[in-house]
């Protein structure tokens, strides 16, 4: 998923917040995801078929609610006519909170980034997971899994693993061909190992170096002896090596290895997120102490700095109420200001909470009045 603009994030958050309010009495709220490039007419045909099946629902109240939701959805998709560039998400259902009262509504939303998931579901709630994930700030990590025969490189974006390249070594099997001396065979195997490691390092350079500023860190996994041997070679280019933040002992390579690496790296990823939070609050506190004109805190002062276009990053404590967080996110989006919501689990997060819960790092110093 590509990075969202602040305006897109605010719009999605509002949309999700509205739809999260609604609950069906039974499984009668309809969610449809149409991926980018998919034929909308096929989805309409599927919904028409589902409407035929829904006539068999025993409860008349649930049956009517589902049929009404499907009919409104079908009519709405027909009006759209053609799948939008990035796909479309549609939601339909009876949102009345009064027994026996029908208030069927329908919403559709074209995401700002291509939708790659197809979905049809009737449930008591609307399915909003994809949009919630889209709202998250997705840090990018490089992943490498290897043993002495295989290697796979990938990117981790949020919760999504994006495979990049897979390579296989030319290492001979454990049993030497007839007529080869043990010494010569061992030398051939070591040369093949070295070539394999060199190829993996070259792929890391090709895949990671062009986006090295976007990559927060690289995690390398595999049998611990192999990983250590690989890292002890001089094949890995310096800028890539600097980004390696952890290694993990794995039992698998390939897709299974990537999943295992992700599972075993939860501690590293969480620590990186906490470290970034601590760093940004420490920066604010340092400015406040050394250049007070380059920092602001408190609702009124930060709001003024944002509306002047002077705020670079606004720090909001997670202990703030949702309405205040949302108001500052909307305001910041208008002025191209970054917003970071800071947990209270660290000492720095607790300090932010204790000085008013809202702070800002400014683009330039303001004259203290």
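The values are calculated or read from the model by the stated rules, or taken from the named source; none is laboratory data. Everything quoted here is computed from the prediction, not taken from an experiment. As a convention, Cβ positions derive from the backbone with ideal geometry for all residues, glycine included, and neighbour counts pool all protein chains shown.
Look at (1) surrounded by 15 or more Cβ atoms within 10 Å (Cβ to Cβ); (2) farther than 27 Å from residue 166 by Cα and you find that residue 269 fails only one, number (2). Elements of the type helices (runs of 4 or more DSSP H) sitting completely within segment 5-123 and holding at least 1 residues that are under 30 Å from residue 339 (Cβ atoms): these cover 6-20. Within segment 296-326, being surrounded by 15 or more Cβ atoms within 10 Å (Cβ to Cβ) and part of a helix (DSSP H, G or I) holds for 301, 302, 303, 304, 305, 306, 325, 326.
Can you work out which of the residues in segment 350-369 that are closer than 15 Å to residue 300 by Cα and more than 27 Å from the chain's Cα centre (by Cα) is surrounded by the fewest Cβ atoms within 10 Å (Cβ to Cβ)? Filtering segment 350-369 for residues that are closer than 15 Å to residue 300 by Cα and more than 27 Å from the chain's Cα centre (by Cα), the one surrounded by the fewest Cβ atoms within 10 Å (Cβ to Cβ) comes out as 369.
Across segment 235-253, the qualifying residues are those that are over 16 Å from residue 209 (Cβ atoms) and modelled with pLDDT of 95 or more, and the one among them that is surrounded by the most Cβ atoms within 10 Å (Cβ to Cβ) is 250. Of the residues making up segment 327-357, just one is part of a loop (DSSP other than H, G, I, E, B) and more than 26 Å from residue 275 (Cβ to Cβ), namely 335.
Table: residues versus (1) assigned to a strand (DSSP E or B); (2) more than 14 Å from residue 140 (Cα to Cα).
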{"position": "203", "(1), (2)": "no, yes"}
{"position": "218", "(1), (2)": "yes, no"}
{"position": "226", "(1), (2)": "no, yes"}
{"position": "233", "(1), (2)": "no, yes"}
{"position": "236", "(1), (2)": "no, yes"}
{"position": "248", "(1), (2)": "yes, yes"}
{"position": "258", "(1), (2)": "no, yes"}
{"position": "268", "(1), (2)": "no, no"}
{"position": "272", "(1), (2)": "no, no"}
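Residue-by-condition table, conditions (1) at pLDDT 90 or above; (2) more than 15 Å from the chain's Cα centre (by Cα):
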position	(1), (2)
69	yes, yes
99	no, yes
102	no, yes
106	yes, yes
119	yes, yes
127	yes, yes
140	no, no
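Once segment 163-178 is narrowed to residues that are at pLDDT 85 or above and out of contact with any helix residue (DSSP H, G or I) (no Cβ under 6 Å at 6 or more places or on another chain), the residue that is surrounded by the fewest Cβ atoms within 10 Å (Cβ to Cβ) is 168. Look at (1) within 23 Å of the chain's Cα centre (by Cα); (2) loosely packed, with under 15 Cβ neighbours inside 10 Å and you find that residue 55 fails only one, number (1). Taking residues in segment 279-303 that are in contact (Cβ under 8 Å) with a residue 12 or more places away in the chain, and partners anywhere that are assigned to a helix (DSSP H, G or I) and loosely packed, with under 15 Cβ neighbours inside 10 Å, the pairs with Cβ atoms closer than 8 Å and at least 6 places apart or on different chains are 299/324.
For segment 29-39, the criterion of being within 30 Å of residue 332 (Cβ to Cβ), out of contact with any strand residue (DSSP E or B) (no Cβ under 7 Å at 6 or more places or on another chain) and surrounded by fewer than 16 Cβ atoms within 10 Å (Cβ to Cβ) is met by no residue.
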